[in-house]
Every structure is written in C-alpha cells, then in structure tokens.
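The values are calculated or read from the model by the stated rules, or taken from the named source; none is laboratory data. These figures come from a predicted structure and were not determined experimentally. Cβ coordinates were reconstructed from backbone atoms using ideal geometry, including for glycine residues, and neighbour counts include every protein chain displayed. Remember, those area values only see protein heavy atoms, side chains included, never the ligands or the DNA or RNA. Shrake-Rupley method; radii C 1.70, N 1.55, O 1.52, S 1.80 Å.
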Amino acid sequence: GAHRDLPSCPPRRSSDLLYPRTLLFVEDDSATAIGAGKGRRALRSRRSTQEKEPWRSLPSLQHVVETRFIRPVHLGETVLPYRLLDPLEAIIPWDGEQLLEGLHLDMDLYDGLASWWREAESLWDTNKNSTTHLALIDQVDYRRKLSQQFPASERRVVYTKSGANLTGAVVTDLEAVIDHTLYWSHTSSDLEARYLCGIINSAALLSLVVDYQPVGQFGRRHFDKYVFEPPFPRFDENNSVHVRLAAAALIAERVADRVSVAGMGFQQARRHIREALLDDGVAAEIDELVLDILTQPEALPSSG
C-alpha cells in the first residue's frame, strides 16, 4: 500500500514530452514580427546544437501563431536551487479543454495554430523513426503526461531527474508546462511547497538518496523517484520543525534570487547559488532541520 509518509501528490515525470524540439520549441521571428496582429506572434523554430538527425537537417518552421498556444516550458536546465531561470517556449495545442490535432474540426478555428501544427505533423510523419506509429499529438501526450498537467495548480514543486546534486524549485506560473528531465508534484500551500523544496535541495537528503542510485559509467547520476525512498512525513503546519524548515526555505529563495547568474550556464549558476546559500548560513540551518525531520520517529514507514 501507499506509505503515509509520501507527499500528498506523488511526483510525476514529464521528460521527453515535447520532442522533437525542432517542431515544437519556438522563438520570436523578428524578420516578420511587424504586422503579426493582436493576440498573435510571428514565430520560428528554436534551433539547438543538440539536435539529432533527421531533425537537425530540417528547415525551421515559420508561422504567425495565436499567443494562447505559446506556453512557457520549464526543463531541467531552467531549474536552479530555490529559483527558476526564464522558461523556454513551445507550441502547445491546448484549447482550454482538449489537445487539438490537425484533423480536429476545432483546429480550423485557429488558422495560425493550424498552419504550424499541420506542417509539424507532416514533418513528423515523414521523418519519425520507422518503429514509431504514434501521431505527433500522441507523442507529446504519451501516457497523458502533458494533458494531465491541465489545469495547473497554483504551485508545483519540480526537481531534477539527474545531476550531481538534487535541485528543486517552486513553479507558480499557471501557464507553464513541465518538460524534459523534471519531476513535479502539486502542493496544497506555499508552506508545503517550501517544506518540500527545503528537503529536496538539502545535502542531508542527498546523502541518503545516493544509497538508492544505480551506479553507471560516470558514477551516480539519476534520482528519479529515489528522492522518496528515505521516508519523510507529509507537511504538518502544526509541527514547529516543519514550519521552521518552510521559513528557512523562504530565506533560501531570497538568497538565491539575489545571486547574479547572467551569462552563466545552468550548472555554473547552480554552483554559485549553492555557494551563496552556504555563505549565508541558511544551507546549514536547512540541513539541520531536514536531518531532524528524517530521523523523527513519525518519519519511519509503518510496518506491514
């Protein structure tokens, strides 16, 4: 059965939803931005050096698309300790009730989206792996990993799937989609979100999680749901240690926000923030509180 010590909403992985990125991730097309019209933006494919064939060789898509279908997207690379970098943007054909595909009659209500999505579908069908039978919409909503994010809750805690350190932050943007190499969980209050963030970013939890991680060629890398193997209790607003941890995590957020990370890659930015948290003393305070929580008798799983 489910352990009482797991968070109220188990974490869900959202990796590799928006693939291939060439067809889905976008940036403003400054060459045609003039005259896009109200509620629309001129877009082109956001290209990356990490693209693989056959997508790397495809030309960029360019269309004017209704802004309601352009969503901010958080990936592993946009998550720092207690802080988010600016999200990327992608075309998400969610009309408020359902995900649309090219053949859907409602798609014709949005000529900009229809132009982009139908071209993307055509490129997907022509270039996808021969063993893949999924339509593009089924690829991005595999096992409903995309549609289950709608409607979004007011606050979601996200944490990274891999890396040398666990990294977590709170997402409050209702429009945001959680994508590549992140796990996410709803929380019921700001205090609970910060409590979870404090635990996830702590060295105390990391020291316990490494015992569960598989060892690969380059050492221990993936966290997945091992984060929840060391049992810790659900947030209890009547527990003074829990409330103190949430308060310390708020201080950590403020420290993280003050760190200048302009021009840095996300890994360097994470290091700078962790150093700032150590220098401030809040990291040590959080570790002490998390260790207290992880060793409390009620944190141990019930037998049977």
Subject >> Of all accessible heavy-atom area on segment 9-155, the percent that carbon and sulfur account for (1.4 Å) >> reply: 48 percent
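Using the Cβ atoms and a cut-off under 15 Å, what net charge is assigned to the surroundings of P87, where Lys and Arg are +1 and Asp and Glu are -1?
-3
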Subject >> Estimated dipole of segment 59-111 in Debye, rounded to 20 [Cβ of Lys and Arg +1, of Asp and Glu -1, Cα centre] >> reply: 340 debye
**OP:** Work the Kirkwood hydrodynamic radius out for segment 36-105: mean of 1/r over every pair of different alpha-carbon atoms, inverted, in Å.
**Re:** 14.5 Å
Original post:
On average over all directions, what projected area in square nanometres does segment 128-199 have, based on the convex hull of its Cα atoms?
Top reply: 6.2 nm²
**OP:** Run the quick spin-label model on K38 and S240: label points 7 Å from Cα toward the beta carbon, then report their separation in nm to one decimal.
**Re:** 5.8 nm
Subject >> GluC sites (Glu not before Pro) restricted to segment 41-93 and DSSP loop, no more than 15 other C-beta within 10 Å >> reply: E51
Original post:
By how many nm would the segment from S115 to L174 grow when fully extended, if each residue of separation counts as 0.36 nm and the alpha-carbon distance is taken off?
Top reply: 18.6 nm
**OP:** Take the Cβ-Cβ distance between F150 and S207 as r, set R0 to 35 Å, and report the resulting FRET efficiency rounded to the nearest 0.05.
**Re:** 0.45
**OP:** Between the alpha-carbon centers of segment 116-189 and segment 33-101, tell me the distance in whole angstrom.
**Re:** 12 Å
Subject >> Cross-link reach list, aspartates and glutamates versus K145, counting only Cα pairs under 17 Å and skipping chain neighbours closer than eight places >> reply: D16, D95, E97, E101, E175, D179, D224
Original post:
When only the heavy atoms of the protein chains count and the probe is 1.4 Å, how do R68, R40 rank by accessible area, highest first?
Top reply: R68, R40
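Under a 1.4 Å probe, what is the accessible area of segment 20-101 per residue, stated in Å²?
47 Å²
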Subject >> Length released on extending from S122 to E97, taking residue separation times 0.36 nm less the Cα-Cα span >> reply: 6.6 nm
**OP:** Please give the FRET efficiency for T49 paired with A135, using the beta carbon to beta carbon distance and R0 = 30 Å, rounded to the nearest 0.05.
**Re:** 0.60
Original post:
What spacing in nm lies between the two simple spin-label points modelled at S189 and R56, each 7 Å away from Cα in the Cβ direction?
Top reply: 5.1 nm
